[in-house]
1. Find out how many positive minus negative residues lie around Val57, taking Lys and Arg as positive, Asp and Glu as negative, among other residues whose Cβ is under 9 Å from that of Val57.
2. Taking the beta-carbon count within 10 Å as an exposure proxy, list Ser59, Ser37, Ser109 from fewest neighbours to most.
3. Label-point separation (nm) for Ala107 and Glu163, each offset 7 Å from Cα along Cα-to-Cβ?
4. Please get the size of the charge dipole for region 28-171, origin at its Cα centre, with Cβ charges of +1 on Lys and Arg and -1 on Asp and Glu, quoted in debye to the nearest 20.
5. Which whole-number percentage describes the relative contact order of region 28-171, with Cα contacts under 8 Å and a sequence gap of 6 or more?
6. What does the charge count near Pro110 come to, summing +1 for each Lys or Arg and -1 for each Asp or Glu among other residues with Cβ under 14 Å from its Cβ?
7. If you average the alpha carbon positions of region 161-176 and of region 41-97, how far apart do those two centres end up, in angstrom?
8. Measuring from a point 7 Å past the Cα of Ser37 along Cα-to-C-beta, which residues in region 66-88 have an amide N at less than 12 Å?
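Derivation of every value follows stated rules applied to the coordinates shown; laboratory data play no part. Because the structure is predicted, anything quoted here is derived from the model rather than measured. Cβ sites come from the backbone with ideal geometry, for glycine too, and all protein chains shown count toward neighbours.
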Amino acid sequence: MTRSLLLSCAAGLAAIVLTGASACGPDVDLSKTLQVSEVFTGWYDDGVGADGTNHMVPSISFRLKNNGTDAINRVQLTVAFWKEGADGANDEVLMQGIGPTEVAPGASSPLLLARAQHGYNLEAARADLFNQKPSPTTGSPGFVDFVIKMFAQRSGKLYRLGEFKVDRVIIPHVSR
């Protein structure tokens, strides 16, 4: 490769790297800069399934507050739903936390909502969700509380934002 071609390739690569970095804003530690605020958790009544059971799923709504000194944009979130004591997530939602529009220092994102696809299917009344006992015949462990673990990703780096216990509250079904 000639020297001028090599320099041209290096300059092009540097421009791509710099453009990519500047498109996402300054490099900040999101675990220190973003605060998960206005958190509301509970069990969403997802309606009656095809099998006639009541489908209940863990849910969280929240905002991301920018406690830093620079505006932030382009943050992806992983919201993982774990049964307490489990060694892995029961479900997870990948979502945009902050889009291309920046969140200024001291400001918060719009309200965000994440709901698991999987939860509990009840043959009993919804109000009995938290009273389910283990069943030796079906192998059901009964009701187990859930914890939500939230992570942010930006510019290829992953940051832990927090852990939130799902409250024992039933959120009514909303028809759309």
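1. So the surrounding residues net to -2.
2. Neighbour counts put them in this order, fewest first: Ser37, Ser109, Ser59.
3. It is 3.3 nm.
4. In total the dipole reaches around 440 debye.
5. Relative contact order comes out at 30 percent.
6. With Lys, Arg at +1 and Asp, Glu at -1, the neighbours total 0.
7. When both Cα centres are located, 9 Å separates them.
8. Hits in region 66-88 for Ser37 at 12 Å: 66-68.
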